[in-house]
Every structure is written in structure tokens, then in C-alpha cells.
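Worksheet for the structure shown next.
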Amino acid sequence: MSNPRASIETDIPARLDRLSWSRFHTLVVAALGITWILDGLEVTVAGSIAGALQASPVLHFTAADIGFVGSAYLAGAVVGAVFFGYLTDRLGRRKLFMVTLGVYLTATALTAASWGLWSFAAFRFFTGAGIGGEYAAINSAIQEFVPARLRGRVDLGVNGSFWVGAALGALGAVVVLKPGVLPADVGWRAAFGIGAVLGLGILGLRRFVPESPRWLMIHDRIDEAEAAVADIERRVGAPPPEKGGSGGLRLMPVARLSAVRMIGAILREYPSRVFLGLSLMTAQAFFYNAIFFSYAIVLKRFYSVPAESIGWHILPFAVGNFLGPLLLGPLFDTVGRRKMIVATYALSGLMLGAVGELFRLQLVDAVTLTLCWSAIFFVASAAASAAYLTVGESFPLEARALMIAFFYAVGTACGGIVSPVLFGALVASGERGAVFLGYLLGAALMIGAAIVAAVYGLDAERQSLESIARPLSAA
């Protein structure tokens, strides 16, 4: 229901964007960016322990079972993203990023107690739901706090921290799966404790992150928003803004906006951005999950790499993925979003096709293949991170978390859920040519997304969120 007051003018977005980087921004990134580390940890642990799950005297998983539980995790992430994403826009960023972390902690601990395929899959589903919900709350909050001129590099760096978690998961799996360290059916259970310990440690830190002033602003809580910005300015050490300065935004505050109005306005006003977001998210989800969820069983099936050594192959893979967004991220703020997205998506697709052909011809061993993947994903990790950046920037504040969730869900459903099952079956066939065809499909999707970005991409570098997508409540 619309607020009966007249429209108001606020400079809250401009005040947030003018701030210098400070300890406050570091706190926000550390407390909220843990989501990506936890997801990287979960995905890597699942991949690294694939051999141990197959050898488990309790579980006895097949290659197809490994693909199934990987898809269960991703299905949970889809459901959690949409459900918690909707609540994030309704109830606030801060409330939801505490709830979703709690869901994750509970479910990942229960995974360690699994007794069979269906219990393992169920707990992985809810672990994914917690992580999916985190994506919506966290990405929207970080983008709303970070100054516009730094948003590209920070967002890519945070998304790239997925691979810090991947490295932790790989090292942890090497330790707990090492013969003689733990009993055969205990090592994989202990691996899931790593994420629970990290998550518990970050709960206290999140208490110091305030609600997004931008969210308060558009939910008719302007006094709270002003107070929150003033507190942030005090913590940063920024002088009070000049009266009558530029950057004002006129709003008609509303207490609630219907989902129908949000979706209708977005489809009506931003059809090309919807197509762009779907293309980028679907391509990167298929590309990543095709390689990463199947890598452990590829190493075991085609190169006879023992389960306890899988982590050593994941580690350099993770390093390349982390360094890509970190080193290429500044270029998304300087060279520009559109140019860099086109370049990274196209190059990733071409490199995957080339390495897939080397794999088919048996011209690479396990070590060489790992190094090739590391080089490919140095580029592809920046591309995938830019997809999340794009869908977060492209739509109005009132629906930002919901749209992040929507694109994550659709992209993951189309590319992420299908690809682990598909590649599980392709690897199980034992035919390199069949696996190569799967790699070609991933390459084609990435190149196709690059073409879409060249046509419909946004030049959003160094622009405020409100200038990229005008709020629905703007007067």
C-alpha cells in the first residue's frame, strides 16, 4: 500500500557511493563474502570425496549416484534462492543472511550423519537451500554497500573467493582421506565439519553489519536509512555531506510492492536484460558444473588417480579460479563490463573446446589436464563472477534479491542440475569421445553467451545502481 506522504528527495545512494574504502567495507566483505567460500568448500568436498563415497562400506555410491547427489545440492540451491530471495526483498537483507547461514550450518552437519543415498541427498538438498538463499541476500547487500567506482572489482573478488573455499576443501579432503588417518567411513564425514566450523565463526561477525540503507530507503524507513548512513560515515571517517549537493533521488516510498508489479515492470521495461541474464547464468552454470562436479570421477576413471589424491589436483585448479577474478576484476571497472564479459566468455569457450579435443585424443595426462583446467578457469572464473555482477546491477532495488535468485535458479536449473547428471552418465560410459561432446556443449554455450553480451551487455562501470536501473518507487 502506498505511503500517503508526498514524495521525498534523498541523497543516500550518492553518500554511499562517495565513500572511500575503509575497515567498514572490509567488514562487510569478510562477514558476507563467506558465502562464496562456503559454497566452494561444499562443492569441492563433494567432488574430492567422490571416490571415498564409492568406496564407503555404508554408502557404496556409483558414478550415477555421485551425479544424483550433486544435482540434489543444486536443486536445493535453486529452491532456497527463490524462496529466501523473495523474503530478502520483503523482510530485509540483514534478517535473511542470518537465517540462511543457520540453515546451511544445520544441514551440512547432518550430512555427516548420512546413512544412505536418500538421506545424503536430502541433507545435501537443504545444504544447497541455505547456500542458495545466501546468494540472494549477500550479493544484493554487498552491491548496495560498495562504492560504484569499486563495485566491479569487489564483486568479482568476492565471487572469486569461492575458490578459497575450494582450496580449503581440497586440502581438508587430502588430510581426512589419507589412508591411516581416519577409518574409511569416517574421513568423508569429517570433511563436512570444515564448513560447519567456518560458518559458526562468521555468525558473530555478521552482527556488526547493518541493514542496507538502500533497502530501508525504498521501504518507507527513511529516518532509519539516514541514521544508518550517518553511522557508516562516522565509522568511515567521512565528513557530513554538503547541504543541497548533487545526487538527490526523488522517491514515493511504499511499505510493500506486490510481486506481480515487480515482475511485470521488469519484463516490460527490461526484456533484453532478462535475456542477457539468462544467457550468462545458464552458460556459466553448465560450464562450471560440467567440469567441476565430474572432475574427480574423470581422474579416477580415465587416469586411475586414487581417491585420497584427488585433492592435490583440485588445489591448482582452485588457485587459477581465485586469481582470475582477483587480477582481472579491476578491468571490469576500467576497460568496461561489456568488453570484458564478451572477451572472457568467448575465450573460455574456445579454450574448453581445444582442451577437450586434447583429452579425447589422449594427449594429456592427469597433471597436464589439471594445468589446462587451471588456465581455462583463470579466465572462466572472471566470466562467471561477472554474470552475478550483471544480474545484480541490472534491475531495480525493490526486486534486486528476487532477480538475483531468479537468474541463479534458472541458470542453475538449466545448466547446473542437468550437467552433473549428464556428465556422470558420460563418464560412466567410459568413452572419451562421449565426454568430449559434453565439453563441446559447454563451450558452445559460453561462446553463445558472449555473442548475447556483445549485443545486449550494459556499460555499467562506475555508475550508481539507481542510474543503471531506476527504482520502481522513483517519483
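Each value in this text was obtained by applying a stated rule to the coordinates, not by laboratory testing. What you see is a predicted model; the values in this text were computed from it and never measured. Neighbour counts run over all protein chains shown; Cβ positions are idealised from the backbone, glycine included.
General observations
- With the simple spin-label model, which puts each label point 7 Å out from Cα in the Cβ direction, the LEU91 to ALA354 separation comes to 4.9 nm.
- Those residues of the range 143-162 whose amide nitrogen sits under 19 Å from the label point placed on LEU205, 7 Å along Cα→Cβ: 143-147, 154-162
- C-alpha center-to-center spacing [the range 64-97, the range 103-167] in angstrom: 9
- Peptides 129-138, 105-114, ordered by how many other C-beta atoms sit within 10 Å of their residues on average, highest first, read 129-138, 105-114.
- A Förster radius of 41 Å, combined with the Cβ-Cβ distance separating HIS60 from THR334, puts the computed FRET efficiency at roughly 0.20.
- ARG149/ALA428 FRET efficiency (R0 30 Å; Cβ-Cβ; nearest 0.05): 0.05
- Straightening the chain between VAL455 and THR106 buys 121.3 nm, computed as 0.36 nm per residue apart minus the Cα-Cα spacing.
- Shown for LYS339, LYS300: other C-beta atoms within 10 Å of each C-beta, ranked fewest to most, produce the order LYS339, LYS300.
- Taking other C-beta atoms within 10 angstrom as a stand-in for reagent exposure, SER304, SER464 fall in the order SER304, SER464, fewest first.
- If the chain linking GLU9 and LEU440 were pulled fully straight, counting 0.36 nm for each residue of separation and taking away their Cα-Cα distance, it would gain 149.9 nm.
- Taking other residues whose beta carbon is less than 11 angstrom from the beta carbon of THR334, and scoring Lys, Arg as +1 and Asp, Glu as -1, yields +3.
- In the chain, taking the dipole from charged Cβ atoms about the Cα centre, the farthest positive-side position among GLY195, SER279, VAL174 is held by SER279.
- Spacing of the modelled spin labels on MET98 and GLN463, each 7 Å from Cα toward Cβ, amounts to 3.6 nm.
- Environment charge of PHE126, counting only residues whose C-beta is closer than 15 Å and scoring Lys/Arg +1, Asp/Glu -1: -2
- In Hz, Karplus ³J(HN,Hα) per residue of the range 121-138 (6.51, -1.76, 1.60; θ = phi - 60°; x = Gly, Pro): 5, 5, 5, 5, 4, 6, 4, x, 4, x, 5, x, x, 4, 3, 5, 5, 6
- Taking other Cβ atoms within 10 Å as a rough exposure proxy, TYR86, TYR104 sort from fewest to most as TYR86, TYR104.
- Remark: the TYR303-ASP231 segment gains 20.2 nm on full extension, using 0.36 nm per residue and subtracting the alpha carbon distance.
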